[in-house]
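Trainee: The structure that follows is given in the form of structure tokens.
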Amino acid sequence: QVQLVESGGGLVQAGGSLRLSCAASGRTFSSYHMGWFRQAPGKEREFVVRITRSEVTYYADSVKGRFTISRDNAKNTVYLQMNSLKPEDTAVYYCAADMYRSGSYVYQYDYWGQGTQVTVSS
């Protein structure tokens with residue numbers, strides 16, 4: 001089992017940058033596939049980016065070229081660097097983990113953080 005805690009959200013102007021962090025508990029972090037999802041008010045939670053335990057990355061088209069996911073297994077942490085932010089990136093961002101499945105759907109992840117708010121002003 002793993003517990004996830006996100007941090008790094010905040011208010012930023014359009015065109016700005018933020019870096020989110022997701023700290024995981026446990027000694028098997030390197031065995032987990034990790035993902036970031038987001039949920040805007042009134043909308044369903046959507047896939048943003050994921051990184052496998054082999055560090056292969058996959059991005060949603062809407063963030064490709066602007067966001068970068070990385071992981072530091074020594075620190076049990078996954079990062080989301082977000083550049084060139086747009087107002088439509090405003091959402092609660094959630095970190096997710098699963099040991100067996102790696103995909104772009106919510107149901108493929110067993111463990112979730114509490115979320116961190118990102119607000120991009122125009």
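The values are calculated or read from the model by the stated rules, or taken from the named source; none is laboratory data. Since we're looking at a predicted model, the values are computed, not measured. Note: ideal-geometry Cβ built from the backbone for every residue, glycine included; neighbour counts use all protein chains shown. The protein model used for the area step is the full one, side chains on, heavy atoms only, and it has no ligands, DNA or RNA in it. Shrake-Rupley method; radii C 1.70, N 1.55, O 1.52, S 1.80 Å.
Trainee: Compute from the Cα atoms of the range 30-122 the Rg and the Dmax, the latter being the longest Cα-Cα distance, and quote both in angstrom.
Mentor: Expressed in Å, the Cα Rg and Dmax of the range 30-122 come to 12.6, 40.
Trainee: Okay, moving on. Percent antiparallel among DSSP beta bridges with both residues in the chain, to the nearest 5? Walk me through the numbers on the way to the answer.
Mentor: Working: 36 of 40 bridges.
In the chain, DSSP labels about 90 percent of beta bridges as antiparallel.
Trainee: Right, another one. Ratio of alpha-carbon Rg to the 2.2 N^0.38 Å globular estimate for the range 1-80, to two decimals, please.
Mentor: 1.12
Trainee: Separate question: Residues with amide H under 5 Å of T90's amide H, sequence separation 5 or more or different chain, H placed in the peptide plane at 1.01 Å from N; which?
Mentor: V120
Trainee: Of the chymotrypsin sites (Phe, Trp or Tyr not before Pro) in the range 34-122, which ones lie in a loop per DSSP and count no more than 14 other C-beta atoms within 10 Å?
Mentor: Of the chymotrypsin sites (Phe, Trp or Tyr not before Pro), the ones in loops of the range 34-122 whose Cβ has at most 14 other Cβ atoms within 10 Å are Y100, Y105.
Trainee: Leaving out ligands, DNA and RNA, and with a 1.4 Å probe, what % of the accessible surface on the range 12-122 is carbon or sulfur?
Mentor: The nonpolar share, carbon plus sulfur, comes to 46 percent.
Trainee: Same structure again: What list of ³J(HN,Hα) couplings, whole Hz, do you get for the range 74-79 from phi and the Karplus terms 6.51, -1.76, 1.60, once you set θ to phi - 60° and write x for glycine and proline?
Mentor: Once θ is set to phi - 60°, the couplings for the range 74-79 become 5, 9, 6, 9, 10, 10 Hz.
Trainee: Report L4's accessible area, 1.4 Å probe, all protein chains in place, as a number in Å² to the nearest 10.
Mentor: We get 10 Å² for L4.
Trainee: Then there is this: Apply the Karplus parameterisation 6.51 cos²θ - 1.76 cosθ + 1.60, with θ equal to phi minus 60°, to every residue of the range 58-71 and state each ³J(HN,Hα) to the nearest whole Hz, in sequence, with x for glycine and proline.
Mentor: For the range 58-71, the Karplus curve yields 9, 10, 5, 4, 5, 10, 4, x, 10, 9, 9, 9, 8, 9 Hz.
Trainee: Right, something else. Could you work out the relative contact order of the chain? I mean the mean sequence separation of Cα pairs under 8 Å and 6+ apart, divided by the number of residues, in percent.
Mentor: Over the chain, the number comes to 36 percent.
Trainee: I would also like to ask the following. Skip the ligands, DNA and RNA, and give the accessible area per residue of the range 19-107 with a 1.4 Å probe, whole Å².
Mentor: 50
Trainee: So which lysines can K43 reach, going by Cα to Cα under 23 Å and dropping same-chain residues fewer than 8 places off?
Mentor: Of all the lysines, those that pass the test against K43 - Cα under 23 Å, at least 8 places apart if same chain - are K64, K86.
Trainee: Would you mind finding the longest exposed-site-free stretch of the chain, with exposed trypsin sites (Lys or Arg not before Pro) meaning DSSP loop and at most 12 other Cβ atoms within 10 Å?
Mentor: 65-100
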